[in-house]
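The values are calculated or read from the model by the stated rules, or taken from the named source; none is laboratory data. Note that the structure is predicted; figures quoted are calculated from it, not measured. Note that each Cβ is placed from the backbone with ideal geometry, even for glycine, and that neighbours are counted across all protein chains shown. Note: accessible area is taken over every heavy atom of the protein model, side chains too, but ligands, DNA and RNA are not part of it. Shrake-Rupley method; radii C 1.70, N 1.55, O 1.52, S 1.80 Å.
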Amino acid sequence: MKIIIINGPNLNLLGKREPEIYGDQNFEDYFNFLKVKFPTLELEYYQSNVEGELINKLQDSGFSYDGIVLNAAAYTHTSIGIGDAVKAITTPVIEVHISNTFAREDFRHQSFISPNAKGVILGFGLKSYELALQSFLLQ
């Protein structure tokens, strides 16, 4: 099963950025842990701070992968284009967030991705990604 994790803006700063919210582990180390924990999955990882690049990656992988785990970060709440890209592709998308967005600022309560995602997992720290990967194995 081929799954790609796509991370949006500022998630390249995990481990440095607001550790009280996002923890102190960088994503590259965590991704290596995921590859060991899920040896039966063919995992890939992509991160960009640029909205159009995220849309391009969704379109590139959205017809040939078995699943996409998407943390669009702040674009979740602002990007109709990313929401439309998720709607346009056939690969199922699980929306993830490290923090509980509903316990944060009001603007973070809106998602343009959720209406078109297979599911949403939030608030479990980096474990949100593990839960998303497990959901694909339960199919």
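Across segment 42-84, the number of residues qualifying as touching a strand residue (DSSP E or B) at 6+ places or on another chain (Cβ under 7 Å), surrounded by fewer than 15 Cβ atoms within 10 Å (Cβ to Cβ) and either among the hydrophobic types (A, V, I, L, M, F, W, C) or assigned to a helix (DSSP H, G or I) (or both) comes to 0. On the given criteria, is Tyr30 of a type in the set (Phe, Trp, Tyr), open to solvent by less than 70 Å² (accessible area, probe 1.4 Å), touching a residue at least 12 places away in the same chain (Cβ under 8 Å) and in contact with a strand residue (DSSP E or B) (Cβ under 8 Å, 6 or more places away or on another chain)? Answer is no for this residue. Among the residues making up segment 1-44, a single one is more than 15 Å from Ile98 (Cβ to Cβ) and hydroxyl-bearing (Ser, Thr, Tyr): Thr40.
Output yes when any residue across segment 18-27 is farther than 15 Å from Gly125 by Cβ and either more than 16 Å from the chain's Cα centre (by Cα) or in contact (Cβ under 8 Å) with a residue 12 or more places away in the chain (or both), and no when none is. No, that holds for no residue.
Which one of Val86, Val50 is over 20 Å from Glu130 (Cα atoms) and touching a helix residue (DSSP H, G or I) at 6+ places or on another chain (Cβ under 8 Å)?
Details: Val50 fails: touching a helix residue (DSSP H, G or I) at 6+ places or on another chain (Cβ under 8 Å).
Residue meeting the stated conditions: Val86.
Note on segment 14-27: among residues that are among the hydrophobic types (A, V, I, L, M, F, W, C) and surrounded by 14 or more Cβ atoms within 10 Å (Cβ to Cβ), the one that is nearest to Glu130 (Cα to Cα) is Phe27. Sub-6 Å Cβ pairs linking a first residue in segment 56-72 that is at negative phi and free of Cβ contacts under 8 Å to residues at least 60 places away in the same chain to a second residue that is among the hydroxyl-bearing types (Ser, Thr, Tyr) and assigned to a strand (DSSP E or B), at least 6 apart or interchain, are Lys57/Tyr46, ordered by first then second residue.
Tell me, yes or no, whether segment 10-20 has at least one residue that is modelled with pLDDT of 95 or more and polar (S, T, N, Q). Reasoning before the result, please.
Taking segment 10-20 as the starting set, the residues that turn out to be modelled with pLDDT of 95 or more are none.
Taking every residue of segment 10-20 in turn, none turns out to be modelled with pLDDT of 95 or more and polar (S, T, N, Q).
When segment 105-121 is filtered for residues that are modelled with pLDDT of 95 or more and either among the aliphatic types (A, V, I, L, M) or part of a loop (DSSP other than H, G, I, E, B) (or both), the ones remaining, listed by number, are Ile113, Ala117, Lys118, Val120, Ile121.
Of the listed requirements (1) open to solvent by 40 Å² or more (accessible area, probe 1.4 Å); (2) within 16 Å of Leu126 (Cα to Cα); (3) part of a loop (DSSP other than H, G, I, E, B), Ser99 misses just one: (1).
When you scan segment 88-96, do you find a residue that is modelled with pLDDT of 95 or more, open to solvent by 10 Å² or more (accessible area, probe 1.4 Å), part of a helix (DSSP H, G or I) and farther than 30 Å from Asp24 by Cβ, even just one? So far as segment 88-96 goes, yes, one or more of its residues are modelled with pLDDT of 95 or more, open to solvent by 10 Å² or more (accessible area, probe 1.4 Å), part of a helix (DSSP H, G or I) and farther than 30 Å from Asp24 by Cβ.
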